[in-house]
1. Restricting to the stretch 73-97, what's the tally of residues that are of a type in the set (A, V, I, L, M, F, W, C), surrounded by fewer than 22 Cβ atoms within 10 Å (Cβ to Cβ) and either under 27 Å from A48 (Cα atoms) or within 16 Å of the ligand (Cβ to nearest atom) (or both)?
2. Do any helices (runs of 4 or more DSSP H) entirely within the stretch 110-215 hold 1 or more residues that are more than 19 Å from I36 (Cα to Cα), and if so, which?
3. Within the bounds of the stretch 158-175, is there any residue that is touching a Lys or Arg at 6+ places or on another chain (Cβ under 7 Å), touching a residue at least 40 places away in the same chain (Cβ under 8 Å) and crowded, with 17+ Cβ neighbours inside 10 Å?
4. Counting only residues that are on the phi > 0 side of the Ramachandran plot and touching a residue at least 40 places away in the same chain (Cβ under 8 Å), how many does the stretch 186-215 have?
5. Can you name the condition, by its number, that I37 falls short on among (1) of a type outside the set (G, A, S); (2) closer than 18 Å to K130 by Cα; (3) crowded, with 20+ Cβ neighbours inside 10 Å; (4) touching a residue at least 40 places away in the same chain (Cβ under 8 Å)?
Amino acid sequence: MKIHDMPGGFPNPLRIRIVLAEKNLTSQVTFVKVDIIAAEHKQPAFLAKNPSGTVPVLELDDGTFLSECTAITEYLDNLDGRPTLTGKTPLEKGMIHMMQRRAEAELSDAVGIYFHHATPGLGARVQPYKSPEWSGRKAWGERHRDKALAGMRYFDGILRSNPFVAGQTFSMADITVLAGLVFAGFAEIAVPADCTRLVAWNASMQDRPSVKHPA
Ligand code: GTS
């Protein structure tokens, strides 16, 4: 298998690198670097792999390409027939997918919109693809900073009654929140001071081997 991504990239490359470490699959994967600062992911060769022009992409040995972190995680988690990140029962699966989608929409995607539309984002080569009129959309981007802060407060509340984002066990939803917080830190969106449970949960997650040493 190959993973096409940006080494050290977050939130999405990081999500899959944590999944690989969780599932002990790192040694089975070859990483192919995609230079997203140079907009390599917006060129025809990459768009043939993923028409959305985003990383990461998983390339299987038979030439199949899987993109979207959720889909890649489902594939990797079920390879050994013993899913640990995406749920076993119908209810677990439903909860994990619901919470992980909320983590994308309310946190990491909101940070992304802020980053790409209210700041210079990934720089001059990429910005024409992301937000050519970025300075004119600053207010829209800034509203997503507020959305990300509201998302942090939401997950703080969830973690006050559950040890993990989707309930009693660590899952793909935790990985999405973790990676979203890394992205928020990079974009200089600080976790509100009253989100003490989210801060404590995030600190405890840093001791997890897959988070400490992603693939
Ligand atoms: N929904 C996609 C997924 O789940 O894989 C999102 C992927 C995504 O946005 N990846 C980012 C990307 O390619 C990489 S990173 O910001 O997470 O490092 N961004 C570049 C772009 O031009 O959108």
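1. So in the stretch 73-97, the residues of a type in the set (A, V, I, L, M, F, W, C) come out as 76, 79, 85, 91, 95-96.
Now restrict to residues that are surrounded by fewer than 22 Cβ atoms within 10 Å (Cβ to Cβ): 79, 91, 95.
If we keep only those that are either under 27 Å from A48 (Cα atoms) or within 16 Å of the ligand (Cβ to nearest atom) (or both) as well, we get 79.
Final tally of qualifying residues: 1.
2. Details: elements: 127-130, 138-161, 172-186, 196-205, 209-212.
Fully inside the stretch 110-215 and qualifying: 138-161, 172-186, 196-205, 209-212.
3. Here is the first cut: in the stretch 158-175, the ones touching a Lys or Arg at 6+ places or on another chain (Cβ under 7 Å) are 159-160, 175.
From what's left, touching a residue at least 40 places away in the same chain (Cβ under 8 Å): 159, 175.
So of that shortlist, the ones also crowded, with 17+ Cβ neighbours inside 10 Å come out as 159, 175.
Yes - at least one qualifying residue is present in the stretch 158-175.
4. Residues of the stretch 186-215 on the phi > 0 side of the Ramachandran plot: 188.
With touching a residue at least 40 places away in the same chain (Cβ under 8 Å) added as a condition, the list becomes none.
Total satisfying the criteria: 0.
5. That leaves (3) as the condition not met.
Every number here is computed from the coordinates shown, using simple stated rules; none is lab data. Owing to the predicted nature of the structure, the values given are computational and were not obtained by experimental measurement. So basically every Cβ, Gly included, is an ideal-geometry build from the backbone, and we count neighbours across all protein chains shown.
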